[in-house]
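Following: one structure in structure tokens, then a few remarks.
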Amino acid sequence: MADAAAPVGDRLAVLGSPIAHSKSPALHAAAYAALGLDWTYERHEVDERGFDELLDARVLRRFGGPSEGEAAPWRGFSLTMPLKTRAFARADELDLVAEQTGAVNTLVFGADGRTTGFNTDVAGLVAAIVEAGVQSARHVVILGAGATAASAIVAAADLGAEHVHLAVRNPERGHELDGLSASLGLTHSVSTFGELEGVGGELVISTLPGGTVLDSGLPLALQRDALLFDVAYDPWPSALAMSWLKRGGRVASGLGMLLHQALVQVRIFVSGDPLIPLQDEEAVLAAMRAAIS
């Protein structure tokens, strides 16, 4: 990634569709209050077409932007579905994790008007899994093969994995991620959900929507031995988490991922760098956690 210009402006927003349920405004408002920053953080219902229009400075006025020809007041955007892959395609610069996953969930505007895209989902996923009690995992099972599955594969590599197994409805979708696993030094296998008997691991990451009900149950041994980290969090527990708990297994919700990826977003919005800790970061994190408890 080329050196990105530091973000400017004091307006932020989360964009996506649907967006009414988003907890991001509460998280970010708590963070900026704790940091003593008088920034605004809004939410806007935006689909892919609307996102393309929004990146045109002329249309920024629709959301309270300046007159044409002036610099936009936006410091950056948090992005949720269905905009992550579109933002990846539109960003002028990308961080390494965005390049690996093909997804951008954080977009910042530099003083020169250029945009830099980041993926904080991986960092949020790793931090939440560690917080849930899994410090490392050699074998990781991932349920689903969508955009979040790519982030889960990179997170597995960061946790020291040697092998990832993707369980999917359509094996062809799972094999689309073979190259990503190989680039990270991971071996990679794929099966349908009904072919998981004999597949083991210390960690299962579900990237499935919260209401998903699997046609076939997952192996008892897997449910007994592995932590289920379910990226779903509302409603909670998800159908999958309830099944896991009934078998005596351990589960963690995606709320922790949401919290920790938002913390990294705040770092980016403040300094432009996801690796630079915030001032009194533990207090900021505590304020954010309290905002969604």
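The values are calculated or read from the model by the stated rules, or taken from the named source; none is laboratory data. Keep in mind it's a predicted model, so treat the numbers as computed, not measured. Positions of Cβ are generated from backbone atoms using ideal geometry, with glycine treated the same way; all protein chains shown enter the neighbour counts.
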Q.
Here is a list: Arg114, Arg138. Which entry is under 30 Å from Arg75 (Cα atoms) and surrounded by fewer than 16 Cβ atoms within 10 Å (Cβ to Cβ)?
A. Arg114
Q: Count, please, the residues in region 253-273 that happen to be surrounded by 20 or more Cβ atoms within 10 Å (Cβ to Cβ) and either within 14 Å of the chain's Cα centre (by Cα) or within 30 Å of Leu218 (Cα to Cα) (or both).
A: 13
**Q.** Cβ pairs under 6 Å, 6+ apart, first in region 119-132 and under 11 Å from Gly256 (Cα atoms), second among the charged types (D, E, K, R) and surrounded by fewer than 24 Cβ atoms within 10 Å (Cβ to Cβ)
**A.** Val126/Asp158
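Would you pick out the residues in region 62-98 that are among the small types (Gly, Ala, Ser) and either under 21 Å from Val231 (Cα atoms) or at pLDDT 85 or above (or both)? Steps first, answer last, please.
Just the residues of region 62-98 that are among the small types (Gly, Ala, Ser), to begin with: 64-65, 67, 69, 71-72, 76, 78, 87, 89, 91, 98.
Within region 62-98, Gly76, Ser78, Ala87, Ala89, Ala91, Ala98 qualify.
Among the residues of region 14-41, how many are part of a strand (DSSP E or B) and either surrounded by fewer than 18 Cβ atoms within 10 Å (Cβ to Cβ) or at pLDDT below 95 (or both)?
Step one: filter region 14-41 for residues part of a strand (DSSP E or B), giving 14-16, 40-41.
Right, trim to either surrounded by fewer than 18 Cβ atoms within 10 Å (Cβ to Cβ) or at pLDDT below 95 (or both) and you get 40.
Residues meeting the conditions: 1.
Among the residues of region 99-111, count how many are part of a loop (DSSP other than H, G, I, E, B), surrounded by fewer than 23 Cβ atoms within 10 Å (Cβ to Cβ) and modelled with pLDDT of 95 or more. Lay out the reasoning, then the answer.
Within region 99-111, the first condition is being part of a loop (DSSP other than H, G, I, E, B), and the residues that meet it are 102-105, 111.
Those still in the list that are surrounded by fewer than 23 Cβ atoms within 10 Å (Cβ to Cβ) too: 102, 111.
Checking the rest, the ones that are also modelled with pLDDT of 95 or more come to 102.
Matching residues across region 99-111 total 1.
Quick check on Gly249: is it farther than 21 Å from His21 by Cα, crowded, with 16+ Cβ neighbours inside 10 Å and either acidic (Asp, Glu) or not assigned by TED's automatic domain parsing to the domain that holds Gly113 (or both)? Spell out how you get there, then give the answer.
Working: farther than 21 Å from His21 by Cα: yes; crowded, with 16+ Cβ neighbours inside 10 Å: yes; either acidic (Asp, Glu) or not assigned by TED's automatic domain parsing to the domain that holds Gly113 (or both): yes.
Taking the combined requirement at face value, the residue satisfies it.
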Q: Tell me which residues, restricted to region 236-253, are under 20 Å from Ala128 (Cβ atoms) and not in a helix (DSSP H, G or I).
A: Trp236, Pro237, Ser238, Gly249, Arg250, Val251, Ala252, Ser253
